[in-house]
C-alpha cells in the first residue's frame, strides 16, 4: 500500500454498510447514526477494530447500518454481550447502541452492573420516551400522565432519570446529547470512545410516529448547553445538572478519570503470570 493510499482521509461512506436504515421518516435515530459515522471518521477508526452491539428495538437495528463487526442481541442484553466482547479482546472499540426501553427496563439490571464495573464501553442510548417497535407503549423515561394505547388515562409511573442513575451506579463518563444536534453528538461520542471507562450518552431522539409530545420542536425549546463554568469532576454539580428540567442540559455532565474494569483484569493477569513463573522457578530449584 502506498503512502498516498494509506494516508487518504476516511469518508462517511467508509462506515456505511449496504443496508439502508429502515426507520420511519423523521426518526431521531437518523441523527444519531450520522453522529456515530462522524465520530468514527474523526477518530480514524478502522471498521475491523469496531464492534457495535445492540439489543431489541427500533434503535437497536443500528448495527446493520454500520460496516463494522456487529451483534444484534436479544431484548435488554446488550451489556452482557458487550462485556464478553470487550473482555475477550480489550483492543476492540466496543459501542453499545439501543433505546430507553432496552437499556432501562428489561436491561436495567445489566446497565447498573456495567456502570459499577466501569467497563470500557461507550453506550449511546436513543431516548424517545416510548416503545416504538411495539407500536407506542410507555417506556421507563415516559413522563407521568403520558397517554398511550395501553395507558389511556395516563401512566402513573414516575420516569427514570438516566443521567442520575448512571452517576449513582458508578459510570465515569455521563453525557446527554440530542439527535437534532448531530455535530455536537459526534463530539460527545468521540469523547465517550476516548474515555477509559463506562461512558453513557443518553440522547434525546424523537419518535415522530408514536410520540407527539417529545418532538424536535419541543426539545429545541427545552434544551441548553451546560454553562461554560460547569465542572464535570464535581459529582454533586453533575447530579444537580442532571436533575434540571428547565432547561435540560446537553454536554458532559460528569467525568471521572481512573482505572477501568479491563485495567484491573489486565493487572490481575500479570500478577497471576508472575506468580506462576515464581512457582515454576521454585519447582526447578527443588527438583534440579
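Extension gain, residue 236 to residue 265, is 7.5 nm, computed as 0.36 nm per intervening residue step minus the present C-alpha separation. Of the residues 104, 204, 64, the one with the fewest other Cβ atoms within 10 Å heads the list, and the complete ranking is 64, 104, 204. In units of the rule-of-thumb radius 2.2 N^0.38 Å, region 31-120 shows an alpha carbon radius of gyration of 1.03.
With contacts taken as Cα pairs under 8 Å at a separation of at least 6 residues, region 55-187 carries a relative contact order of 20 percent. Structural descriptor for the chain: relative contact order 17 percent, calculated from alpha carbon pairs under 8 angstrom and at least 6 residues apart. Among 264, 236, 72, the order by Cβ neighbours within 10 angstrom, fewest to most, reads 236, 264, 72. This ranking places 94, 66 by how few other beta-carbon atoms lie within 10 Å of each, fewest first, which gives 66, 94. Divided by 2.2 N^0.38 Å, where N counts the residues, the Cα radius of gyration of region 52-198 comes to 1.03. Please list log₁₀ I(q)/I(0) at q = 0.20 Å⁻¹ for region 174-262, using the Debye equation with identical point scatterers on the alpha-carbon positions. Relative scattering, expressed as log10 I(q)/I(0), comes to -0.97. If R0 is taken as 30 Å, the Cβ-Cβ distance between residue 116 and residue 14 corresponds to a FRET efficiency of 0.25. By DSSP, the beta bridges lying fully in the chain are antiparallel in about 20 percent of cases.
None of the figures in this text is laboratory data; all of them are computed from the coordinates on show. These numbers come from a predicted model, not from an experiment. Cβ coordinates were reconstructed from backbone atoms using ideal geometry, including for glycine residues, and neighbour counts include every protein chain displayed.
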